[in-house]
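To start, the structure under review is shown below, and the notes come after it.
The values are calculated or read from the model by the stated rules, or taken from the named source; none is laboratory data. Model, not experiment: these values are computed from the prediction. When we count neighbours, we look across all protein chains shown, and the Cβ atoms used for this are built from the backbone with ideal geometry, even at glycine.
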Amino acid sequence: MKKISLNTQILLGTLLGVSLGLWFAWLGQASSITQNGLYVAKLAGTLFIDLLRMVLIPLVFTSIVVGVANLRSHQQMSRVWQGTLIFFVLTMALAIVLGLTVANLLQPGGGLEIAMFQDVMQGFQATQMSLSDFFAHFLHSLFKNPIAALAQSNVLAVVIFALLLGIALVVGGERYRNILTLMQEFLELILMLVGWIMRLAPFGIMALLLQLTATQDTNLLTTLIKFVAIVMGTILLHGLVVLPLILYLITGMTPLKFWLGAREALITAFATSSSAATLPVTLRCAEQHLHVKRDVAGFVIPLGATMNMDGTALYEAVAALFIANLAGVELSLLQQMVVFLTAMLAAIGAPGIPSAGMVTMVMVLQSVGLPVEAIAILLPVDRILDTVRTMVNVEGDLVGSLVVQKWIKQDQSNE
Ligand code: ASP
């Protein structure tokens, strides 16, 4: 018998979860079937979230250390890596600002409060701080004893420490080769664990959705459709207008020429939902179709596959605002700035594999005190959204390689 793909399994889990949930809702809370069913679903759903939380810290830590430390073999190309980092950060910032703007205008999830979060949100209201306190608190939460941060799942402090450690590995050079190899292998192992957890995703999703639909009103589904449309539309706006415009303004390449050259990579990214899996195709497109020099492409593209994720960054920002709306919380400007920062770090920290952005989403939610359980709502639509966001992630890497190449050429001709 042919094995059913994970995507299909997730779809089946989604459908089954929603149907069972609706059936339980129809039976009513008093029925013993509902009570027992909900008990099991709660156990299974929580277990799945626990598993995701289990790998989050080692995943973010190793993927950032390895990503930053890989700059080391290119020390001589300081111009390339400066240009690359500036491009990555600026385009991701643009994507997030675009996402936040659209989400503020269209308010996905507005006016619909989810009872499941109410208990958690009571805690949130109580810990509301003044703006200046909040800022001071945020600053102090950046630098922590890394062992404590790892133990307490303090993602932000872990990210900052990983960035610094990665930079130290670049500066330290060849002497610390062993530590870098250790980190690389550790990352591979964690990714293996993530793969195993994703196999449980259909059950986890089913359990979480069952719980949700059995205890909530169906308005959520209508709201989700609006959310999906907003995220897709905005990511496509970034991919079809913003990135091609940047490319045209800097290099003069027309969007049509770019898309023809990038086509293979974009389709592969859409189909695999993984920047990492697409990497060989992306490199081929950059070198053979778009004529980016090997040393530039060989640096910008692999680094971009783990660090540069415009689609993911945009998605995380919009999703955070969506969850805040569902939880009935209005995020202040300052909190939205925290979302801006953490969405960028979460996109940088997410490895280029399917649904990685969903795992690092936890960090964005935690940074502004939103309930982590909310990813239950995002999970069923994650696979659909992952296709477009990965496509735009890869597009960003290709545009980046062309822009950096142009930048270096200009530099050489000025000398
Ligand atoms: N799947 C995305 C990628 O590989 C990451 C994400 O989940 O957003 O680029």
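Considering Phe48, Phe117, Phe61, the condition of being of a type outside the set (Lys, Arg), at pLDDT below 70, in a helix (DSSP H, G or I) and closer than 30 Å to Gly195 by Cα is satisfied by Phe117 alone.
Among the criteria (1) over 26 Å from Gly109 (Cα atoms); (2) surrounded by 14 or more Cβ atoms within 10 Å (Cβ to Cβ); (3) at pLDDT below 80, the one Gly261 does not fulfil is (3).
Among residues that are in a helix (DSSP H, G or I), crowded, with 24+ Cβ neighbours inside 10 Å, touching a residue at least 40 places away in the same chain (Cβ under 8 Å) and more than 16 Å from the ligand (Cβ to nearest atom), Ala347 is not included.
How many of the residues in the stretch 364-389 are farther than 14 Å from Leu51 by Cα and more than 13 Å from the ligand (Cβ to nearest atom)? I'd like the intermediate steps shown before the answer.
Taking the stretch 364-389 first, the residues farther than 14 Å from Leu51 by Cα are 364-371, 374, 377-389.
If we keep only those that are more than 13 Å from the ligand (Cβ to nearest atom) as well, we get 365-371, 374, 377, 380.
Result for the stretch 364-389: 10.
Among the numbered conditions (1) touching a residue at least 24 places away in the same chain (Cβ under 8 Å); (2) in a helix (DSSP H, G or I), the only one that Met253 does not meet is (2). Thr342 meets all of the listed conditions (1) within 24 Å of Ala162 (Cα to Cα); (2) touching a Pro at 6+ places or on another chain (Cβ under 7 Å) but one, namely (2). In the condition set (1) more than 26 Å from Leu94 (Cβ to Cβ); (2) buried (at least 17 other Cβ atoms within 10 Å of the Cβ); (3) not β-branched (Val, Ile, Thr), Pro280 is compliant with all but (2). Number of residues in the stretch 299-331 that are outside any helix (DSSP H, G or I) and closer than 30 Å to Thr268 by Cα: the value is 2.
Number of residues in the stretch 270-325 that are farther than 25 Å from Val381 by Cα, among the β-branched types (Val, Ile, Thr) and within 16 Å of the ligand (Cβ to nearest atom) equals 4.
One residue is enough: does the stretch 361-369 have a residue meeting the conditions within 12 Å of the chain's Cα centre (by Cα), assigned to a helix (DSSP H, G or I) and surrounded by fewer than 23 Cβ atoms within 10 Å (Cβ to Cβ)? Looking through the stretch 361-369, at least one residue is within 12 Å of the chain's Cα centre (by Cα), assigned to a helix (DSSP H, G or I) and surrounded by fewer than 23 Cβ atoms within 10 Å (Cβ to Cβ).
Yes or no: Glu395 acidic (Asp, Glu) and either at positive phi or surrounded by fewer than 24 Cβ atoms within 10 Å (Cβ to Cβ) (or both)? For Glu395, the condition - acidic (Asp, Glu) and either at positive phi or surrounded by fewer than 24 Cβ atoms within 10 Å (Cβ to Cβ) (or both) - is not met.
Considering only residues in the stretch 158-192 that are surrounded by fewer than 20 Cβ atoms within 10 Å (Cβ to Cβ) and small (Gly, Ala, Ser), the one that is nearest to the chain's Cα centre (by Cα) turns out to be Ala168. The single condition among (1) without any contact (Cβ under 8 Å) to a residue 24 or more places away in the chain; (2) under 24 Å from the mean Cα position of the chain (by Cα) that Thr234 does not satisfy is (1). With respect to (1) over 17 Å from Thr306 (Cβ atoms); (2) within 16 Å of the ligand (Cβ to nearest atom), the lone exception for Gly357 is condition (1).
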